[in-house]
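Trainee: My questions all concern the structure below.
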Amino acid sequence: MALTNPIIQQQLQEKFGESVSAMVDSYGLLEITAPRELNLKVLNFLYDNPTLQFQFLTDLTGVHYPSKKGNELAVVYHLHSLKENLRVRFKVFAPLEQPEVYTATGLFSAANWMERETYDFFGILFLGHPNLKRILNVEQMDYFPLRKEFPLEDQTRIDKDDEMFGRGGTLKQID
Amino acid sequence: MSEQHIKLPEGSIEKVTSTLNLGPTHPATHGVMQNILELTGERIVSADQTIGYIHRAFEKIAERRPLAQITTLTDRLNYCSSPLNNMGWHMTCEKLLGVQTPKRVDYLRVIMMELARIADHLICNSIMGVDAGAYTGFLYVMQFRELIYEIYEEVCGARLTTNMGRIGGFERNFTDQAFQKLEKFLAEYPRALKEFENMFQRNRIFMDRTMGVGGISAERALNYGFTGPNLRAAGVDYDVRVHSPYASYQDFNFTIPVGTTGDCYDRWLVREQEMWQSLSILEQAYQKIQSFKGTEAEIYHADIPAYYLPEKKEVYTKMEALIFHFKIIMGETDIPVGEVYHSVEAGNGELGFYLVSDGGRSPYRLHFRRPCFIYYQSFEELVKGSMLSDAIMTMSSLNLIAGEMDA
């Protein structure tokens, strides 16, 4: 029987109950959200469960939502079950003051550099990572450039009308 | 590993490993990347890769650009096959916007994407020859990459950083010259490819240099996030074109070549066979294009006035076209709220775009899944215990593009 999103939702519900939520987004991809302490447990479950077998880590990255207080930093995993040819997106959120999540390097060797990149740009600390240091930026850098507090251009410039382009100088609330 | 090549006399100083800095700029790295190799004699004990020398912060820049202006950033990822990246990006936008493209657009895209794939594989395979000491093949097939670049020129005006196409299709219909050049390519390339193959495939020196070098098992390759020819060389038949078809790839008949050992030789063979498959796809696509007659043959973009830049003559004569032209150029079109992940089979693997939109005029966050960034981390495992010259072959067989790796 082909694996479908409702089966994954049901399996997660049985295993984790209410703490893990799984919703299908408007583009048909299942999006799983879990508390950050559970990230490895969920990844392990998705990896090992014989009907799911999400054993290919397609992508791992971060997103910064300054307006989500207490959940500012998101770690986004894209997993692929090659046997069933189905993808899911898995998200955990971490607060800006304590941006710590467990590393997935034990499960996926591919996570090594992806987590380094996420640390490099967002400052998310992956607990247990074997070599968590900057990868694309210089090691002396003391900030995390993809966070939203670093705008691309000086927002105080008045010779350029930012209303025309993008966000108009202020961060828009995202809910 | 324990085998000692230089027997030190009794009582001499303890043997230590030597460190070799390969790169950042070195002819054998084919890009700006550094490899710090730890050697005992000529055998590699450990390798430490340093990347990021041409990091240009594309993901940050994209957060302040309207969708149409991000295409130029994708050009500069894998610059050996820019049209593939361009179209991957356009299709990501189309997925976010919910745009259905006409079949003719899909087939035109398939033509450009397969040409780009051939150009990409051609460079990689011939460069492997160069690294093994055979320069002739590289120079010989260059004229066919030139022909592909001429087709690019006919279609979009540029050669390397193509910025080809628009969201919804192409900026103009393909000219007759473009199709003539395609016909010329389809007629002449197979013979040259065969000759190129004859030069390498059963070449004793080339086989000795590549067989059993830099091999990886299917399990390890999957665990390392390998995609594309490198994964298929290890024996996994994963191809995005088949597993999640885009641009009507389901209308084409082609096979996915797979290897067994995942070594440099298998990677070379898989790329070689993929070029033959691409040729067959090109022929099928060109046949399908020719079956469009009359007004159908004039379709080269989807009907999405809010995102597709109107033709100049309409801008000068029609009110709506002028308004949309202004809004698109000034980046004033709001994009829908949503999150999409879309991927295409690029020259060296699954090129993915993760686009988060908060409803503004530019992406809230854009992440590129760059295949060679992900599989390059396996390099140490691939070369550990092998000779220095094997490291060079392994590096060129992986098809590493510094521009893509560093984004």
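Quick note: the coordinates plus some simple rules give every number you see, no bench work behind them. Only a predicted model underlies this, so the values are computations on that prediction, with no experimental measurement involved. A quick note on method: Cβ atoms are made from the backbone with ideal geometry, for glycine too, and the neighbour counts reach across all protein chains shown.
Trainee: List the pairs from A:K68/B:K60; B:K181/B:K327; A:K69/A:K133; B:K95/B:K293; B:K293/B:K327; A:K91/A:K133 whose alpha-carbon separation is above 25 Å, in the order I gave them.
Mentor: Check vs 25 Å cut-off fails for B:K181/B:K327; A:K69/A:K133; B:K95/B:K293; B:K293/B:K327.
Trainee: Next question. What does the charge dipole of the protein assembly as shown about its Cα centre add up to, to the nearest 20 debye, if the Cβ of each Lys and Arg holds +1 and the Cβ of each Asp and Glu holds -1?
Mentor: Dipole magnitude for the protein assembly as shown comes out near 380 debye.
Trainee: Specify the residue with the greatest mean-square fluctuation among A:Y77, A:Y27, A:Y102, computed from a Gaussian network of chain A linking alpha-carbon atoms under 10 Å apart.
Mentor: Result: A:Y27 has the largest fluctuation of those listed.
Trainee: Let me ask you something else. Find the centroid of the Cα atoms in segment B:270-309 and in segment B:64-131, then give the distance between the two in whole Å.
Mentor: So the two Cα centres are separated by 13 Å.
Trainee: Give me the net charge for the shell around B:Y300: Cβ to Cβ below 9 angstrom, other residues only, Lys and Arg +1, Asp and Glu -1.
Mentor: Around B:Y300, the charge tally is 0.
Trainee: Separate question: Among the trypsin sites (Lys or Arg not before Pro) in segment B:23-93, which ones are in a DSSP loop with at most 15 other Cβ atoms within 10 Å of the Cβ? Mind listing them?
Mentor: B:R56
Trainee: Treat each spin label as a single point 7 Å out from the Cα along the C-beta direction, and report the A:D48 to B:R204 distance in nm.
Mentor: Those two pseudo-labels are separated by 5.4 nm.
Trainee: How much length, in nm to one decimal, is gained on full extension between B:Y149 and B:D303, taken as 0.36 nm per residue of separation minus their Cα-Cα distance?
Mentor: Details: separation 154, 0.36 × 154 = 55.44 nm, distance 2.85 nm.
Full extension from B:Y149 to B:D303 adds 52.6 nm.
Trainee: Also, I was wondering about something else. With θ set to phi - 60° and the Karplus curve 6.51 cos²θ - 1.76 cosθ + 1.60, what are the ³J(HN,Hα) couplings of segment B:214-227 in order, to the nearest whole Hz, using x for Gly and Pro?
Mentor: So the Karplus estimates, Gly and Pro as x, are x, x, 8, 7, 4, 5, 5, 4, 5, 5, 7, x, 4, 9 Hz.
Trainee: At 7 Å along Cα-to-Cβ for each site, give me the label-to-label distance between B:F179 and B:I323 in nm.
Mentor: Here the answer is 3.6 nm between the modelled labels.
Trainee: While we're here: For helix B:103-131, what angle does its Cα long axis make with the longest principal axis of chain B, in degrees from 0 to 90 and rounded to 10?
Mentor: 20
Trainee: Still on this structure, I have one more. Shielding by partners for A:108-121, please: the mean number of other protein chain Cβ atoms within 10 Å of each residue's Cβ. Let's see the in-between values first.
Mentor: Values: counts 4, 10, 10, 5, 5, 11, 5, 0, 1, 7, 1, 0, 2, 4.
That average works out to 5.
Trainee: Have a look at B:D266, B:D334, B:D120 and tell me which one the Gaussian network model of chain B (Cα, springs below 10 Å) gives the largest fluctuation.
Mentor: In this elastic network of chain B, the residue with the biggest mean-square fluctuation among B:D266, B:D334, B:D120 is B:D334.
Trainee: Fully extended, how many nm does the chain gain between A:L127 and A:E18 (0.36 nm per residue separation, minus their Cα-Cα distance)?
Mentor: Gain in length upon complete extension: 36.7 nm.
Trainee: While we're looking at this one, here's another question. Would you pull out the residues with amide H under 5 Å of A:V24's amide H, same chain only if 5 or more places away, H placed 1.01 Å from N?
Mentor: Amide H neighbours of A:V24: A:E31.
Trainee: If you take the square roots of the eigenvalues of the alpha-carbon gyration tensor of the protein assembly as shown and sort them as a ≥ b ≥ c, do you get rounded (a/c under 1.5), prolate (a/b over b/c) or oblate?
Mentor: Oblate is the answer for the protein assembly as shown, as a/c is 1.5 or above yet b/c matches or exceeds a/b.
Trainee: Determine ³J(HN,Hα), in whole Hz, for all residues of segment A:58-67 in sequence, where each value follows from phi through the Karplus function 6.51 cos²θ - 1.76 cosθ + 1.60 and θ = phi - 60°; x replaces Gly and Pro.
Mentor: Each residue of segment A:58-67 in turn: 6, 7, 9, 7, x, 9, 10, 10, x, 7 Hz.
Trainee: B:S46's amide H: which non-local residues (gap 5+, or another chain) put their own amide H closer than 5 Å, with H modeled 1.01 Å from N in plane and none for Pro or chain starts?
Mentor: B:E38
Trainee: Here's a follow-up. For segment B:64-77, just list the computed ³J(HN,Hα) in residue order, Karplus coefficients 6.51, -1.76 and 1.60, θ = phi - 60°, integers in Hz, with x standing in for Gly and Pro.
Mentor: With coefficients 6.51, -1.76 and 1.60, one gets 10, 10, x, 3, 5, 7, 7, 3, 5, 6, 5, 3, 8, 6 Hz.
Trainee: Only loop residues by DSSP count here, and only those with at most 12 other Cβ atoms within 10 Å; note down the trypsin sites (Lys or Arg not before Pro) in segment B:119-221 that meet that.
Mentor: Sites meeting the loop and neighbour criteria: B:R202.
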